[in-house]
1. Does region 64-73 contain any residue that is at positive phi, touching a residue at least 24 places away in the same chain (Cβ under 8 Å) and of a type in the set (D, E, K, R)?
2. If you check every pair at least six apart or on different chains, which have Cβ atoms under 9 Å apart with a residue in region 8-31 that is in contact (Cβ under 8 Å) with a residue 60 or more places away in the chain and more than 11 Å from Arg254 (Cβ to Cβ) first and a residue that is part of a helix (DSSP H, G or I) and of a type in the set (D, E, K, R) second?
3. Given the conditions (1) modelled with pLDDT of 80 or more; (2) farther than 16 Å from Ala104 by Cα; (3) assigned to a helix (DSSP H, G or I), which single one is not true for Ile34?
4. What number goes with the only condition from (1) of a type outside the set (Asp, Glu); (2) assigned to a helix (DSSP H, G or I); (3) within 23 Å of Leu240 (Cα to Cα) that Leu172 does not pass?
5. Could you please tell me which pairs satisfy a Cβ distance under 6 Å, a separation of 6+ or placement on different chains, a first residue in region 130-149 that is on the phi > 0 side of the Ramachandran plot, and a second residue that is modelled with pLDDT of 85 or more and outside any helix (DSSP H, G or I)?
6. Which one of these is in a helix (DSSP H, G or I) and farther than 21 Å from Leu234 by Cβ: Gly198, Gly161, Gly186?
7. Kindly indicate which of Val196, Val170 is surrounded by 16 or more Cβ atoms within 10 Å (Cβ to Cβ), in contact with a Phe, Trp or Tyr (Cβ under 7 Å, 6 or more places away or on another chain) and over 25 Å from Gln83 (Cβ atoms).
Amino acid sequence: MPSVISFELLAKLGYAARGIVFLLVALLALFSGIAGGQPETKSAISTLLQQPLGRVWVGLIGLGLLGFVAWRLAQSIADADRQGNGGKAMFIRIALLGSAVTYAGLAFYALLHAASAGGGSGESGEKGLAEWVMSQPFGPYIAIAIGVGLIGGGIVTTVKGVLRKFEKYVNLPKRRGLLTYICMYGLIARGIVFSVTGMLFAYAGFSVDPDQAGGMADALEWLRELPFGSALYLVVAVGLAAFGIYNLIAAKYRTVEGPKLDDMKRALPLNIRS
């Protein structure tokens, strides 16, 4: 067995799969009045499942997302991006671990429905998660903490777009003007949706009502209800498409350095290593 595990192919396929999912989410957001679907990741999977060769495509996306999960685990546990162990770095790595858990759920959802005959439900899992969290001891406080974490993640994602921090890892070609702006636009839009989702989750904790939690569809609907909300909804929905394109760009240009197997072993607790 080689001493180094290469995550490049897994990561690139994963970015491509996530890009396709968010392009579908954006299409559902833009044409929700016509298509009738909810702009959520699971709804996007369910919509694709109903198309010709849908089960094949959904199965491939599920496998691609598993590759993305492996890459997220390498980033968070083995520090593949060399973030370090400082406070800010650990916040980023914890967020990456949360991303791994989220996309693992979506990957298994896709693979399960690709293997079965039914299309499944596109309903968001956030309300179910909030309900489970609030049934635990100190549940409302945990829900608030999760909401604050999502808001923080949204702010980090937005800053990553505004300050072009993604260029540290995404090596765009020399004539990169348009690609750069697409990446910036997509990350800012994703950050806004992240933050609003966190606000809804935190409010669910404050009100001790899991039904107040929501996912992307609820976040977009909340934006639509603001002054000039229809225009804001359109801008953010198109931004989610830009985020999908950003992931496709990352699939080609993202720098991926897989951690050494020894590094991954050192990152695990002693009882797991043995």
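The values are calculated or read from the model by the stated rules, or taken from the named source; none is laboratory data. Just so we're clear, the structure is a prediction, and the values are computed from it rather than from any experiment. So basically every Cβ, Gly included, is an ideal-geometry build from the backbone, and we count neighbours across all protein chains shown.
1. no
2. Phe22/Arg190
3. For Ile34, the failing item is (1).
4. (2)
5. none
6. Residue meeting the stated conditions: Gly198.
7. Only one candidate passes the filter, namely Val196.
Table: residues versus (1) in a helix (DSSP H, G or I); (2) under 18 Å from the mean Cα position of the chain (by Cα); (3) basic (Lys, Arg); (4) surrounded by fewer than 22 Cβ atoms within 10 Å (Cβ to Cβ).
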position: Phe22; (1), (2), (3), (4): yes, yes, no, no
position: Leu28; (1), (2), (3), (4): yes, yes, no, no
position: Ser43; (1), (2), (3), (4): yes, yes, no, no
position: Val56; (1), (2), (3), (4): yes, no, no, yes
position: Leu73; (1), (2), (3), (4): yes, yes, no, yes
position: Asp79; (1), (2), (3), (4): no, no, no, yes
